[in-house]
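As structure tokens, the structure follows; a few thoughts come after it.
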């Protein structure tokens with residue numbers, strides 16, 4: 001029997017969550033790959049949110065981010081999770097979005113491998129995620145029926161044998177078809193009930209990683225925060241893969257955003 005934690009965990013929900021953020025003024029993304037410091041990253045991410053959102057409670061933003069990072073780190077460093085040595089560094093991401101119909105049809109997927117690691121028998125690494133405003137991440141309850149649906153769509157993809165020769169527009173068209181096929185195949189499957197402000201932990205890079213999607217945000221602003229832990233070597237490897245700079249915060253602002 002494996003000693004690894006389950007692929008999907010919903011941490012205890014907050015007793016009385018009220019978003020401290022009134023609105024998103026600019027669509028933007030904050031990323032940091034580097035040494036983990038709950039206090040420093042909470043302060044940096046808070047400054048980012050304050051700069052691009054309409055705030056109802058500035059102290060509440062700082063408190064929510066501090067609590068999220070501290071609780072996620074404490075959970076990850078438990079002996080049956082990543083462990084203290086494997087949680088020395090982190091990728092912190094904050095995404096601010098205004099209403100969009102991009103995810104009315106779910107974009108069901110499993111997160112692939114983020115970096116190379118020596119964990120055995122499979123990677124226990126995971127992502128911790130929370131929505132501080134707007135709807136939470138959609139997650140399908142893991143089951144054999146879900147796995148079979150994913151395998152069915154992937155098998156159809158493999159029959160063509162043309163992926164290496166596809167042009168960019170053909171890739172997008174194929175991805176759209178697969179997205180619609182998987183959405184239809186998973187229609188009616190039980191979803192995980194995630195309450196406002198509740199943190200979820202889900203693994204990546206394994207066959208049993210939870211299937212999830214961005215929520216329908218066609219009518220709401222959203223502030224999504226995620227953190228993923230690893231060793232310094234692992235996060236530096238992730239930077240190489242993503243062409244990012246270790247230890248440096250980056251901010252991207254959508255050209256659609258007003259100035």
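Nothing in this text is a laboratory measurement; each read-out follows from the coordinates by a stated rule. What you see is a predicted model, and the numbers here were worked out from it, not measured in a lab. A quick note on method: Cβ atoms are made from the backbone with ideal geometry, for glycine too, and the neighbour counts reach across all protein chains shown.
How big is the convex hull of the Cα atoms of the chain, per residue, in Å³? Don't skip to the answer; put the middle values down first.
Values: hull volume 38.4 nm³, N = 259.
Here the figure is 148 Å³ per residue.
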- Task: For a footprinting-style exposure proxy, rank 250, 23, 213 by other Cβ within 10 Å, fewest first.
- Result: 250, 23, 213
- Message: Given the -39500 (n - 2.57) contribution per DSSP H run of 4+ residues, what per-residue ellipticity at 222 nm results for the chain, rounded to the nearest 500 deg cm²/dmol?
- Response: -10000 deg cm²/dmol
- Note on the structure: When the chain is treated as a Gaussian network with springs between alpha carbons less than 10 Å apart, the largest mean-square fluctuation among 43, 62, 126 is found at 43
- Item | Among 242, 113, 169, residue whose mean-square fluctuation peaks in a GNM of the chain (springs only between Cα atoms under 10 Å) | 169
- Item | Paramagnetic label zone (point 7 Å from Cα along Cα-to-C-beta, residue 105; backbone N under 18 Å) in segment 176-216 | 176-189, 212-216
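Which order do 115, 17, 202 fall in if you start with the one that has the fewest other Cβ atoms within 10 Å?
On the way: 115 21, 17 14, 202 24.
Fewest to most other Cβ atoms nearby, the residues stand as 17, 115, 202.
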- Query: Per q in 0.12, 0.19 1/Å, what log10 I(q)/I(0) does a Debye calculation on the alpha-carbon atoms of segment 133-259 return?
  - Reply: -0.72, -1.36
- Mean separation of Cα contacts under 8 Å (at least 6 apart) over the residue count of the chain, i.e. the relative contact order in percent, is 39 percent
- Message: Sort 26, 75 by Cβ crowding within 10 Å, fewest neighbours at the top.
- Response: 26, 75
- Item | GNM result for the chain, Cα springs below 10 Å: residue of 40, 195, 95 fluctuating most strongly | 40
